[in-house]
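Below is one structure, written out as structure tokens, with a few remarks after it.
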Amino acid sequence: MSPAGHAPLVLLISGPNLGLLGSRQPEIYGTSTLDDHVEVARAAGSASGMAIEHIHSDHEGTIVEAVHAARGRAAAIVVNAGALTHYSWALHDALAAFDGPVVELHLSNPGAREGWRHRSVVTPVATAVIAGVGGAGYRLAVDAVAALLSGRD
């Protein structure tokens, strides 16, 4: 998906309320900000020869449009969809139409939290899911994309 000689592009998507990271429920989400996590992802991408483009929005339609715009342009998507994870069939359908690896990412472990968080409508269209490892998940998600794109085990 990248022009010859250019680093593969990975779209990193951050959904609703993730702009509050660092101050919102630090006992669950930690004290690192969204910017801190994006920098970790960019460093991991750079180390693997990939470019990371980040979009954050609290609006479902904006995120769906970003997924559509990534088609034919990005090699992979890493998505921390926040609460959209649990109900956005529009996001599900957009990700299903993307031709490349999709890694679903969560700072916490949704399966160990409230019952309504146990269902993900993203998981059925994700190539991989990384959850419950806090901020390290951003590096792990980008590393997973690198492995998936290279065909490594």
* Structure fact -> Over region 62-91, the set of residues on the phi > 0 side of the Ramachandran plot and either in a helix (DSSP H, G or I) or in contact with a Gly (Cβ under 8 Å, 6 or more places away or on another chain) (or both) is G82
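Would you call I52 modelled with pLDDT under 95 and outside any loop (DSSP other than H, G, I, E, B)?
Working: modelled with pLDDT under 95: no; outside any loop (DSSP other than H, G, I, E, B): yes.
Criteria not met by I52.
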* Working carefully through the options T33, T62, find the one that is surrounded by fewer than 18 Cβ atoms within 10 Å (Cβ to Cβ) and either at pLDDT below 95 or touching a helix residue (DSSP H, G or I) at 6+ places or on another chain (Cβ under 7 Å) (or both). => T33
* Output the residue which, of all residues in region 65-81 that are of a type in the set (G, A, S) and surrounded by fewer than 22 Cβ atoms within 10 Å (Cβ to Cβ), is farthest from S14 (Cα to Cα). => G72
* region 61-82 residues that are in contact (Cβ under 8 Å) with a residue 12 or more places away in the chain, paired with ones that are polar (S, T, N, Q) (beta carbon under 7 Å, 6 or more apart) -> I63/S57; A75/S2; N80/S14; A81/S88; G82/N17
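The values are calculated or read from the model by the stated rules, or taken from the named source; none is laboratory data. Here the structure is a predicted model, which is why all the values come from computation and not from measurement. With ideal geometry, Cβ positions are generated from the backbone for all residues, glycine too; neighbour counts draw on all protein chains shown.
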